[in-house]
Amino acid sequence: MGLIEKLGFKPNEEEDGEIEEPTIKSSSKEYTNKTILVEPRAFSEAFQVADYLKANNQVVVNFKRVTSDVSKRIMDFLNGIVYAIEGNMEKLGPGIVLCAPKGFEIEGNITEDEGKKTTKKDSTEEW
């Protein structure tokens, strides 16, 4: 076994005996058409959400672990990403949103308890 085979490359032979370019065996999983749950703790984690969306995954984002300022920054960033990939975004509850790439439809409505009063601390309900 040569070095190329040890590294995971496997040469493909054509019928006439010529060797094609080697192909790489991938051991990593492809995550497509999944729903991924994310609880960001910092703005930098918004980039991971964007990568999930670009890989054609739905993402449920729970903002309860970040401050309202950080959650607003993440929401602005995600709104731009969802717009760029022609996706959809839907609020599921206070501080929880569903982001879906193009090709996913979000149906139905989730109603909020109208008797509940909004406090200054829970400012994520404004979006």
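The values are calculated or read from the model by the stated rules, or taken from the named source; none is laboratory data. Treat the numbers as computed from the prediction; the structure is a model and nothing was measured. Neighbour counts run over all protein chains shown; Cβ positions are idealised from the backbone, glycine included.
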### Residue list for the range 60-95, restricted to those being β-branched (Val, Ile, Thr), over 14 Å from the mean Cα position of the chain (by Cα) and part of a strand (DSSP E or B)
none
### Message
Residue pairs, Cβ under 8 Å, 6 or more apart or interchain, first in the range 91-105 and closer than 15 Å to Phe77 by Cα and of a type outside the set (S, T, N, Q), second outside any strand (DSSP E or B) and modelled with pLDDT under 90. List them.
### Response
Val97/Trp127; Leu98/Ile106; Ala100/Ile106
## Note on the structure
Taking the range 32-61 and keeping residues surrounded by 13 or more Cβ atoms within 10 Å (Cβ to Cβ) and on the phi > 0 side of the Ramachandran plot leaves Asn56
### Task
Working only within the range 88-112, note down all residues that are more than 13 Å from Thr35 (Cβ to Cβ) and surrounded by fewer than 15 Cβ atoms within 10 Å (Cβ to Cβ).
Gly93, Lys102, Gly103, Glu105, Glu107, Gly108, Asn109, Ile110, Thr111, Glu112
